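I have placed the structure first, in the form of structure tokens, so that the comments after it can refer back to it.
All of the numbers you see were taken from the coordinates with simple rules; none came from a lab. The structure presented is a predicted model; accordingly, all values stated were derived computationally and were not measured. A quick note on method: Cβ atoms are made from the backbone with ideal geometry, for glycine too, and the neighbour counts reach across all protein chains shown.
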Amino acid sequence: MDIPAKKGALLKHGLGRGLGALLPDAVSPEKGPLRQCRISLIEPDAKQPRRRFVDENLEELAQSIKEHGVIQPLLVRAAEKAGHYTLIAGERRLRAAGKAGLAEVPVIVMALDEVQGLQVSLIENLQREDLNPLEEAQGYYRLAHEFSLTHTEIAKFLSKSRTTISNMLRLLNLPEKAQLCLAEEQLTMGHGRALLALPEGELQDRALSETLEKKLSVRELEKLVRKLKKEEAETAPVEESSELKEKKELQFKEDQSISQRLQKTFTTGIRIRRQSGGRGRIELDFKSSEEFERLLGLLESERA
């Protein structure tokens, strides 16, 4: 979606300094009223950018919440249904609180519309350190395509380099199997970047399979990629120059003309086979011993 006015506001304030910098007019955790909200009234956002929640980690967080409570409040906005709220940030805490048996959690209600809420949710998740490479790349993709942000703008908002953003987005060019491995953390971003150095198809699939089977490190995969690229270069046909191609085409046309003249003389199929260094041979077809004798007689009469 194209929202240039909101995009301009984001550019003005920046995102790398946190939500207060992103939305200075909204209620922030430091200034706004903190309230308790029943978990049953909080609806997860269907467009929430984070999809992976590891049960083991949730159990650990749930145990911590049982002992200490929810220390960091969740961010929510008013939902269309009266008295209900849509979650902006903190779905992992919300899930863990439910596992811990809590009926209520602390929340900050932010005065945001759906678009602003999604922006905050995307940024909040991208600032986390436990995202897998695919989740991170998908978050950057949504910022770029749903909010018309350039790689440079995204990098500025998140206090990252433009190269980092561009390299992460390139991971989305990997085949589906490789992306799934990134999501399941069987591969790292370094593995993904190494695979992208190979053309999509057989070589890339071969490198991926060997990486998973042998549990190759990034350095080992990079070595394998160099080996595969070298093998491909050695077996690839040498590109002919346009001048050589033109010379061969003229030679072919000349040979066809000679073959046609010889066919009129010998009345049989004739082929000219050229080899390197000016060598070659002329082949004449015969289907019987009588025809062979006829051709031999013609050749001998030409010699006489």
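Available extension along the chain between GLU202 and LYS81 is 38.4 nm, counting 0.36 nm per residue and deducting the alpha carbon span. Distances between placed amide hydrogens fall under 5 Å for GLU43 paired with TYR85, THR86, LEU87, all partners being 5 or more residues away or on another chain. Backbone geometry of segment 84-90 corresponds, through the Karplus equation with coefficients 6.51, -1.76 and 1.60 at θ = phi - 60°, to 3J(HN,Hα) couplings of 10, 9, 9, 6, 9, 8, x Hz, x marking Gly and Pro.
Taking Cβ atoms as reference points and 14 Å as the exclusive limit, the residues near ARG162 contribute a net charge of +2, counting Lys and Arg as +1 and Asp and Glu as -1.
Taken over the alpha carbons of segment 247-295 as equal point scatterers, the Debye sum produces base-10 log I(q)/I(0) values at 0.13, 0.14, 0.21 Å⁻¹ of -0.36, -0.41, -0.77. When the pairs LYS177/LYS214; LYS160/LYS229; LYS156/LYS177 are compared against a 20 Å limit on Cα-Cα distance, LYS160/LYS229; LYS156/LYS177 fall above it.
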